[in-house]
Structures are given as structure tokens and as C-alpha cells.
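**Q** Below is a structure I'd like to ask you about.
The values are calculated or read from the model by the stated rules, or taken from the named source; none is laboratory data. What you see is a predicted model, and the numbers here were worked out from it, not measured in a lab. Here the Cβ is made from the backbone with ideal geometry for all residues, glycine too, and neighbour counts use every protein chain on show.
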Amino acid sequence: MHLASVDSDDHYTPLNLKNKSLEFPNKQKHEIDKIAAWRRKELHGRHLHDLEQPHVDLKASNKWLKLGALFPETEGFMIAIQDQIINTRNYKKYILKDPHLITDKCRKCNRQSETIQHITSACPNLTQTDYTHRHNQICNIIHQKLAFKYQLLTGKPLPYYQYTPKPVLESSSHKITVHNNRPDITLIDKQNKLVYMIDVAVPNTHNLHKTITEKIHKYTELKEEIVKIWQMDKVHIVPLVLSSTGVIPRHLLSALRNLDIPESTYMTMQKAAILNTCRIVRRFLQDDTSSIPNSGNVTHLA
Ligand SMILES: [Zn+2]
């Protein structure tokens, strides 16, 4: 219809449609251009770069967006965090070049530059409170899964945010212990003489790979000791690591398979990480109302 009407235009309109070369927007090309433009942005392109790392599972990392289970406001806020367009002091000083800003040091610890990564996972003042809360909620998801799997708990599972794990759960075949220090959870399979040392971490995306390697390294000595002292056949070290903005390393999925709990459990872990991180950033910025970003700062997302 479009072609026919354009073809019939014999200078009826000043646009002279007949002589225009017809370029239908190519959806695929459009998308490729958009991604290329995104990649070129020095600050906003970093998240895309993070997602393309070989140790990252791209599909799983974007799952929360596919599911669309969060409030649109939360979804938008997390994208702003991932894209680093949050009015932190660092952003105000170096991107907005706000002349009234005296320092870009963190308003809580006053030690490091207040970047978005500093707020989401690196501020020493939040370690004991906000980060621990996020970490524990993710531990609880795993604990409850294991407890039901080995029938150490029965009935209806609770939402993760209402669940409090008992320090020790034990049956004739299995034992699950929660630790105040690391590792977070130990699971003992008595019949097969297996131990699983589970340790959860929620670092920033650029630290995912390093965190996993460090955890494996850290428990290697302990692993050999446990085999000897507890007379076990095998000790598995299971780091469960996902990023503060919900980026999922491939390692997490294999770790869940190693524990023989559904791989889809990562979706709940991702949701817990994202909701907690959004809460952490909101609360942090509320310390200084002038730091809450206005809509003008997120227009590039449109
Ligand atoms: Zn700080």
C-alpha cells in the first residue's frame, strides 16, 4: 500500500514521494547501531563490556529484565546503576563538573571517591550492615533449598526474606550448618562422606572473576584438613558468586548444579541482589537529598 501510494504521487505533495529512495527502517540494523552507540559511550558502555566477558553468562545476567517481575521504577533504577548514571559525588565532580562540590570523597566513610561501585559493594561503612544483609538473604535462599531437598524441613517454603536458617539441621543422612564466619554454610552428606563448603559473595561486576578464584584458593588448605580430620572422602568448595547488580558468572550456574539444586535458583538470588542493591543506593543517596538524580540524567536511556 505504501509503495502504491508513493508511486502515485505525481508532485501532489511537496515531498515528491515518488523520487525518494525508499528506505524502510531495518530493525536489525537499527539494533546493531544502537548497541554500537552504547558501546562507544565511555561510562555507560562499561556494563556492556562487563557482560561480554567470557566468564559471564549473558542470558542469565539479563534474565531479570526478561522476567519483568520488578516494579518499573526499580527496573529503571537498576539500569541507571548498571549504566553508572547515578548522582554520586564522583559523577557530580567529573561528569557534571559541578563547581559547588567541594570533595568527591564518600559521604559515609570519607575515604575513597564516591563512585557508584563504591556504594554498591566497596564502602567500609556499609560492610557490617547493608552488605551483610544482602549477603545473608542470598545465603538463606540456598539454605532453604538444601533443607527442603534433604527433608530437613517440611511444609511450605517461605519467601527468602522471611526465612531464618537454624544454625544446625541434621538427619541420619545429612547435616547443614550455618557459620558466623566463613564458609557460610557446610553441607555434609554422611552416607557418601562428602562435604560441601558453600561461600556466598556479592562483589561488583568487575571483581566477579577475582572473587571466585580467591575463594577457591582460600579454602584449599582447609579442604585437605577436613578430609583428614573428619575422615571424609571428598570436600567440595562451592563459591556462590553473583554481582551486586545481578550479573551472573557462568561459574554460579555450575556451582548450583554441583549442589544439585535447580539451576533456576539463580533467578531468586539475582532478584535478591538487585532489590538489596537498589535499596542500598537509595538509602545512601537519601543522606543528601540533592544527590537524588533527576529525570534529566536518565534521558539517554530512551
Ligand atoms: Zn564510603
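**Q** Considering only the range 144-179, state which residues are over 27 Å from the mean Cα position of the chain (by Cα) and in contact (Cβ under 8 Å) with a residue 24 or more places away in the chain.
**A** Tyr150, Leu152, His174
**Q** Find the strands (runs of 3 or more DSSP E) located wholly in the range 132-229 whose residues include 2 or more that are touching a helix residue (DSSP H, G or I) at 6+ places or on another chain (Cβ under 9 Å), and list them.
**A** 174-178, 185-189, 194-201
**Q** I need a count of the residues in the range 72-104 that are surrounded by 11 or more Cβ atoms within 10 Å (Cβ to Cβ) and either within 24 Å of the chain's Cα centre (by Cα) or aromatic (Phe, Trp, Tyr) (or both).
**A** 19
**Q** Count, please, the residues in the range 87-128 that happen to be touching a residue at least 40 places away in the same chain (Cβ under 8 Å) and over 20 Å from His206 (Cα atoms).
**A** 6
**Q** How many residues are under 27 Å from Glu114 (Cα atoms) and modelled with pLDDT under 95 if we restrict to the range 38-69?
**A** Total satisfying the criteria: 16.
**Q** Which pairs turn up if I take residues in the range 255-281 that are assigned to a helix (DSSP H, G or I) and look for partners that are buried (at least 19 other Cβ atoms within 10 Å of the Cβ) and acidic (Asp, Glu) with beta carbon separation below 7 Å, at least 6 apart in sequence or on another chain?
**A** Listed by first residue and then by second, the contacts come to Ile280/Asp130.
**Q** Looking at the range 97-128, which of its residues are of a type in the set (Val, Ile, Thr), modelled with pLDDT under 95 and part of a helix (DSSP H, G or I)?
**A** Scanning the range 97-128 gives a single hit, Thr127.
**Q** Out of Lys215, Lys210, Lys228, which single residue is closer than 30 Å to Ile81 by Cα, of a type in the set (D, E, K, R) and surrounded by fewer than 13 Cβ atoms within 10 Å (Cβ to Cβ)?
**A** So the residue among Lys215, Lys210, Lys228 that is closer than 30 Å to Ile81 by Cα, of a type in the set (D, E, K, R) and surrounded by fewer than 13 Cβ atoms within 10 Å (Cβ to Cβ) is Lys210.
**Q** Further question on the same structure: Quick check on my filter: what residues within the range 114-129 are more than 9 Å from the ligand (Cβ to nearest atom) and touching a Ser or Thr at 6+ places or on another chain (Cβ under 9 Å)? Even if it seems obvious, please write down each step before you answer.
**A** Taking the range 114-129 and keeping what is more than 9 Å from the ligand (Cβ to nearest atom), we get 115-117, 120-121, 127-129.
Hits for the range 114-129 are Thr115, Ile116, Gln117, Thr120, Ser121.
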